[in-house]
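Notes follow the structure.
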Amino acid sequence: MLGAKRILLIIGGGIAAYKSLDLIRRLRERGADVTPVLTRAAEQFVTPLSVAALSGSKVYRDLFDLTDEAEMGHIQLSRSADLILVAPATADLMAKMAQGIANDLASTLLLATDTPVMIAPAMNVRMWQHPATQRNIATLQGDSVTLIGPNDGDMACGEFGPGRMSEPLEIVAAIETQLAAGPLEGKRVLVTSGPTHEPIDPVRYIANRSSGAQGTAIATALAALGAEVIFVTGPADVPPPAGATVVPVQTAAQMLQAVQDALPADVAIFAAAVADWRVSSASDKKLKKTKDGLPELTFAENPDILAHVAQLKKGRPQLVVGFAAETNDVRDNAIAKRKRKGCDWIIANDVSPETGIMGGSENAILLISDDGVETWLRMSKTQVAQRLVARIAKTLA
Ligand code: C5P
C-alpha cells in the first residue's frame with residue numbers, strides 16, 4: 001500500500017507515455033497521491049486532460065507559469081513529494097538529468113529536488129545501448145537515482161531488445177519497496193568522516209591520511225535504512241553521500257562545533273581521522289624560507305571529539321561508535337582506546353601501508369563492544385558499512 005504517499009510523476013515524451021495513464025490508476029488504487037508533470041514532448045503522446053482526470057490533480061507543464069508559481073513554486077513542488085518518479089524516462093531527459101541541465105519544468109524539478117528519484121527508462125534498443133546513454137545511467141546511479149527496468153521485448157518501433165518501459169505493476173512494486181519504512185526510520189545519526197586540515201599558514205596544513213570512503217559508505221548505508229543522517233566531513237577524496245545533510249568543515253575545532261550543533265542524536269559514529277594537534281598560532285601570511293633558519297612551529301592539542309561526546313553527562317547519544325586506525329597491536333590498542341574514550345563500540349583496523357586499506361576499497365575490522373571482540377574478514381567498505389548499520393539497527397530495536 002502507498003497510503004498518503006505523495007508521488008510527483010514526471011511523464012517524458014515517448015510512446016510508452018500511454019502506460020503512465022494506467023500507472024496513475026494503479027498508484028491511486030493503492031492510496032498514493034499523484035501530482036503529474038508533463039514535458040512538452042509528452043503532450044504529443046498523452047493529453048493533459050486525460051492525465052488530470054486520472055490523477056485528480058492539477059497537471060504542471062510550464063516552468064514560467066506565473067499562476068503555478070504563485071500557487072506552488074517549482075522548488076516547493078520538487079520537494080513536497082515523498083518520491084519523484086520519471087516514467088517514461090526518455091534518453092533525452094536522462095541525459096539532461098545526468099548533466100544537470102534545467103531548461104524546462106521537468107528537468108528543473110529534477111535538479112532542484114532533495115527527495116528520492118526513480119526512473120523507468122523507455123527508448124529504442126539502439127538508443128538504450130548507445131555508450132552515451134549507458135554513461136548517463138552510470139552517472140545517475142552514482143547520484144543515487146534508482147532505475148526501474150527497462151525490460152526486453154518487442155518495441156513500438158518494430159525492433160526487439162532492452163528498452164521497453166517496465167509495466168505499471170512492476171513500477172508500483174519497485175516504489176512500494178523503495179518507500180517501505182526502513183528499520184532506522186525516525187532515528188537521527190551523526191557521522192564524522194574524512195581528515196581534518198589544521199593550517200600552518202594560508203598554503204600549508206597538517207592532516208592525517210583519510211579518503212573518507214568508509215565514513216561515506218556508513219552514511220549511505222544509514223540513509224538507505226531510513227535514518228536521518230548528519231554528515232560532518234573534513235576535506236575528503238570521495239564525494240559526500242546522497243541522502244545525508246552534509247556539513248563541510250576544515251579543522252578539528254570546526255568539526256567539534258558542527259558536532260555540538262548537530263546534537264542531539266540517537267547514534268554518533270566517529271569515522272573522521274581528526275588531527276591530534278594543530279599549530280597553536282597559524283600564520284596569516286605564507287611562511288618564507290629565510291637565512292635565519294627554520295620556522296618555529298609550536299603545537300596545541302586538538303579537542304577529542306569522540307571522547308567529548310561519549311562522556312557527555314546530558315544528551316549523550318544512545319550509541320557512540322569510534323574508530324581505531326592502528327599500525328600495530330591493533331586489538332590491545334583498540335580495547336584500551338574504547339575504555340579511555342568512553343564509547344560503546346570501537347571499529348578497529350590495521351592501516352599499515354601493506355594492507356592497502358587506507359585509501360583502498362576494502363577493509364578488515366575488529367568490532368569491540370561490551371560483548372568482546374569480533375573479527376570481520378576482509379570485505380568491501382560498502383559491505384562493512386552495511387553490516388555495521390544492520391548491527392546498529394538491531395541494537396536500537
Ligand atoms: O585517538 P585516535 O585518533 O586514535 O581515536 C580514533 C577515534 O577518535 C576515531 O573514532 C576518531 O574519529 C575519534 N577522534 C575524535 N577527535 C579527535 C581524535 C580522534 O573524534 N581529536
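The values are calculated or read from the model by the stated rules, or taken from the named source; none is laboratory data. Everything quoted here is computed from the prediction, not taken from an experiment. Note: ideal-geometry Cβ built from the backbone for every residue, glycine included; neighbour counts use all protein chains shown. Ligands, DNA and RNA are stripped out before the accessible areas are found, and what is left, the full protein with its side chains, is counted by its heavy atoms. Shrake-Rupley method; radii C 1.70, N 1.55, O 1.52, S 1.80 Å.
Dipole magnitude for the chain: about 600 debye, using +1 per Lys or Arg Cβ and -1 per Asp or Glu Cβ, origin at the Cα centre.
Taken as Cα centroids, segment 199-221 and segment 244-320 sit 11 Å apart, rounded to the nearest whole angstrom.
Model label sites at Q318 and L169, defined 7 Å from Cα along the beta-carbon direction, differ in position by 3.9 nm.
Spin-label pair A397-L111: with each label point 7 Å from Cα along the Cα-Cβ axis, the two points sit 4.3 nm from one another. Across A268, A91, A138, mean-square fluctuation computed from a Gaussian network of the chain (C-alpha pairs under 10 Å connected) peaks at A138. For the pair A53 and R204 in one chain, pulling the backbone fully straight at 0.36 nm per residue adds 48.1 nm over the alpha carbon distance.
Rounded to the nearest 0.05, the FRET efficiency derived from the C-beta distance between D292 and E354 at R0 = 35 Å is 0.25.
Protein chains only, probe 1.4 Å: how do F270, F64, F299 rank by accessible area, largest first?
From most exposed to least exposed: F64, F299, F270.
Highest GNM mean-square fluctuation among A282, A334, A253, for the chain modelled with Cα contacts below 10 Å: A282. Model label sites at S361 and F160, defined 7 Å from Cα along the beta-carbon direction, differ in position by 3.6 nm.
Summing charges over all other residues whose Cβ lies under 14 Å from the Cβ of P202, with Lys and Arg as +1 and Asp and Glu as -1, gives +1.
The smallest convex shape that holds all Cα atoms of the chain, its convex hull, gives 194 Å³ per residue.
Determine the per residue accessible area of segment 188-396 with all protein chains present and a 1.4 angstrom probe, expressed in square angstrom.
Result: 52 Å² of accessible area for each residue.
Rolling a 1.4 Å probe over the protein chains gives D92 an accessible area of about 100 Å². What is the Cα centroid distance between segment 134-169 and segment 352-397, reported in whole angstrom? First find each Cα centre; the distance between them is then 35 Å.
Residues H197, H130, H308 ordered from highest to lowest accessible area at a 1.4 Å probe: H130, H308, H197. Taking other residues whose beta carbon is less than 11 angstrom from the beta carbon of S55, and scoring Lys, Arg as +1 and Asp, Glu as -1, yields +2. Farthest towards the positive end of the charge dipole of the chain, among the residues P131, A52, G12, is the Cα of P131, using unit charges on the Cβ of Lys, Arg, Asp and Glu.
Our summary gives segment 31-70 a relative contact order of 47 percent, counting only alpha carbon pairs under 8 angstrom and 6 or more residues apart.
If only the Cβ of Lys and Arg carry +1 and only the Cβ of Asp and Glu carry -1, the dipole of segment 188-396 around its Cα centre is close to 240 debye. Solvent-free Debye calculation, one equal scatterer per alpha-carbon of segment 188-396: log10 I(q)/I(0) at 0.11 Å⁻¹ equals -0.51. Stretched out straight at 0.36 nm per residue, the stretch from D329 to Q178 would grow longer than its current Cα-Cα span by 50.1 nm. Dividing the radius of gyration of the alpha carbons in segment 277-397 by their Kirkwood radius gives 1.11 for Rg/Rh.
Looking at segment 45-185, the accessible area is 47 square angstrom per residue; that uses a 1.4 Å probe and ignores ligands, DNA and RNA. By its C-alpha gyration tensor, with a ≥ b ≥ c as the square roots of the eigenvalues, how is segment 4-83 shaped: rounded for a/c under 1.5, else prolate for a/b larger than b/c, else oblate? Because a/c hits 1.5 or more and a/b fails to exceed b/c, segment 4-83 counts as oblate.
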